[in-house]
Amino acid sequence: MDKTSKKYNIVTFGCQMNKADSERMAGILEEMDFQWTAEPESADLVLYNTCTIRDNAEQKVYSYLGRQAKRKQKDPNLTLVVAGCVAQQEGEKLLRRVPELDLVMGPQHANRLEDLLQQVFDGNQVVATEPIHIMEDITKPRRDSKVTAWVNIIYGCNERCSYCVVPNVRGTEQSRTPEAILAEMRELGKQGYKEITLLGQNIDAYGRDLPGSTPEGRHKHTLTDLLYYVHDVPGVERIRFATSHPRYFTERLIKACQELPKVCEHFHIPFQSGDNDILKAMKRGYTHEKYRRIIDTIRQYMPDAAISADAIVGFPGETESQFQNTLKLTEDISFDMLNTAAYSPRPGTPAALWDNQLSEEVKSDRLQRINHLVGIKAEERSRRYLGRIESVLVEDINQKDTTQVMGRTRGNRLTFFPGNIEELKGKIVKVKITETRPFSLTGEIV
Ligand code: SAH
Ligand code: SF4
Ligand code: F3S
């Protein structure tokens, strides 16, 4: 087959890490002369970058895979790749389940895609799931946006939350050096990117694994130090970071966010549960009182800061009154946004083996009740924007109304307003907010 005519498609499930990995793998494929197609059905190479955080995320992958496996029976030239967290979790087992697969590769191997594909093109069926030191990213990612970009700063997670597969599938923490992060950000600034989100599953762990610490025993490299170090990159106007862990979140970090103008006043700090006994069973290492103190401190420094979080309902053994404690925390904090999920038992995690699992009925009932509250609170939080003038970074057109453009406030609220995308893309404009909804705003340029 003519090499230059080869087309690829990537389907991405899961979190921002996976999206960032997909962009890097797309970059590698383009350097190998593959061309993007939006149609998996017409692609010569299809890559599924998978997620296994909950059972339904995993099942989705199998239904997609089944379809491509059938196609491969007719067209043996099709190259089928499963990357990401299901690949890491299942490894060889995936080949037994879907023998049509050419390559199964865990998240730590994303930067090695070219190497691995070479082995496939040499006629091998390849499984790459052994833990490795993640190669420094020398690829040019094919980024979806021209305005906002993700930059990984730490891979993996060393926590052992009793419900969570991430440490199993993403491996131990590996921080990138401040120099490598700065270099990537400078390049992004040069290319015209305006907003960068620094990524890590437990971003507060940044730097712990890098050499050197101060005489007082403080790590030499922390997220706070990194923010100061990268802050002045030319061209970049906004900096965000996620995900924060309440156990390690410091006042020093809050001060830095207040002091550094480019760092946006938005904090994503999952609390998971508002009940201390459940938090203990989850092995989260903090209490709801500590969580409240963190939010209070943020609001002392930055009264208008946006706060978002994740929460799990129906954890094994959760009683109605323990669930009420989660509702109470949700009510008291008034989150701008809260991602909720019903607990899903995951292979290889301690909580999955406990015999106090709740029924699907109880879990879905609690999920509905918390989501109802989340909507009410988000609407209240949105309402505070009404009549205000907000700085909005324009990202794209509004897909539902192409006379409008879409952007975000510093607090990360989606904002729509009439305007011309050619003119406004990548600009930060002042927008007067005229209409609010729970998770988005409408306004007009002033
Ligand atoms: N590192 C982040 C979360 C990563 S996973 C943190 O520590 O908070 C993203 C979210 O998925 C979690 O915050 C949690 O709310 C949810 N999640 C993880 N495992 C889950 C499980 N087994 N069942 C339901 N939700 C889960
Ligand atoms: Fe999972 Fe806990 Fe690590 Fe977050 S901190 S990725 S919830 S183990
Ligand atoms: Fe899913 Fe893996 Fe992210 S399990 S949430 S894609 S780290």
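The values are calculated or read from the model by the stated rules, or taken from the named source; none is laboratory data. Values in this document were obtained by computation on a predicted structure and should not be read as measured data. FYI the Cβ positions are ideal-geometry reconstructions off the backbone, even for glycines, and counts take in every protein chain you see. Surface accessibility is based on the protein's heavy atoms, side chains included, excluding ligands, DNA and RNA. Shrake-Rupley method; radii C 1.70, N 1.55, O 1.52, S 1.80 Å.
Per residue, how much accessible area does segment 70-114 have with a 1.4 Å probe, in Å²?
Each residue of segment 70-114 exposes 41 Å² on average to a 1.4 Å probe.
May I ask for log10 I(q)/I(0) of the chain at q = 0.06, 0.08, 0.09 Å⁻¹, from a Debye sum over the Cα atoms as equal point scatterers with solvent left out?
-0.27, -0.49, -0.63
For segment 120-177, which GluC sites (Glu not before Pro) are both in a DSSP coil and crowded by at most 15 other Cβ atoms within 10 Å?
Listed in order of number, the matching sites are 136.
Please give the peptides 424-430, 334-340 ranked by average Cβ packing (other Cβ atoms within 10 Å per residue), highest first, as a rough proxy for protection.
Ranking, from highest mean packing down: 334-340, 424-430.
Among the lysines, which have Cα under 20 Å from the Cα of residue 60 when same-chain residues fewer than 8 positions away are ignored?
19, 70, 72, 93
Starting from the amide H of residue 151, placed 1.01 Å from N in the peptide plane, find each other amide H under 5 Å away whose residue is 5 or more places distant or on another chain.
Distant-sequence amide H within range of residue 151: 197, 198, 199.
What shape does segment 3-128 take by its C-alpha gyration tensor, where a ≥ b ≥ c are the square roots of the eigenvalues and a/c under 1.5 counts as rounded, a/b above b/c as prolate, and the rest as oblate?
In terms of gyration-tensor shape, rounded.
Under the rule of at least 5 residues apart or a separate chain, name every residue whose amide H is placed under 5 Å from the amide H of residue 396.
Amide H to amide H, under 5 Å and 5 or more residues apart or across chains, residue 396 pairs with 406.
Along its principal axes, what span do the Cα atoms of segment 118-253 show, with the longest given first and each in whole Å?
So the extents along the principal axes, rounded to whole Å, are 53, 40, 28.
Give, as a single signed number, the net charge of other residues whose beta carbon lies under 9 Å from the beta carbon of residue 336, with Lys and Arg counted +1 and Asp and Glu -1.
+3
Taking a Cβ-Cβ separation under 4.7 Å as the criterion for a possible partner, which cysteines of the chain have none?
Isolated Cys, the chain: 15, 51, 85, 157, 257, 264.
Work from the charge dipole of segment 3-128 (Cβ charges, +1 for Lys and Arg, -1 for Asp and Glu, about the Cα centre) and give the residue of 107, 12, 73 farthest towards its positive end.
Sorting the options by dipole projection puts first 73.
Sum up the charges of everything whose Cβ sits under 13 Å from the Cβ of residue 410, counting Lys and Arg as +1 and Asp and Glu as -1, but leave residue 410 out. Present the calculation step by step, with values, prior to reporting the outcome.
On the way: positive: 194, 238, 240, 262, 388, 408, 413, 430; negative: 195, 237, 265, 304, 336, 390.
With Lys, Arg at +1 and Asp, Glu at -1, the neighbours total +2.
Expressed as a whole percentage, what fraction of the accessible surface of segment 148-383 belongs to carbon and sulfur atoms when a 1.4 Å probe is rolled over the protein heavy atoms?
In segment 148-383, the share of accessible area belonging to carbon and sulfur is 52 percent.
When Lys and Arg each count +1 and Asp and Glu each count -1, what net charge do the other residues less than 13 Å away from residue 59, Cβ to Cβ, add up to?
+1
Per-residue HN-Hα couplings for segment 33-38, Karplus 6.51 cos²θ - 1.76 cosθ + 1.60 at θ = phi - 60°, whole Hz, x for Gly and Pro?
6, 7, 10, 5, 10, 7
Lysines within cross-link reach of residue 377: Cα-Cα under 24 Å, excluding same-chain residues under 8 positions apart?
290, 328, 363, 432
Going by Cα centres, segment 330-384 and segment 47-67 are how many Å apart?
A separation of 22 Å, based on Cα centres.
So what are the ³J(HN,Hα) numbers for segment 86-103, from phi and the Karplus equation (6.51, -1.76, 1.60; θ = phi - 60°), rounded to whole Hz, Gly and Pro as x?
Residue by residue, segment 86-103 yields 5, 4, 5, 5, 8, x, 3, 4, 5, 5, 5, 6, 10, x, 6, 5, 9, 8 Hz.
Enter the accessible area per residue of segment 299-446 (Å², integer; probe 1.4 Å; all protein chains in place).
About 47 Å² of surface per residue is accessible.
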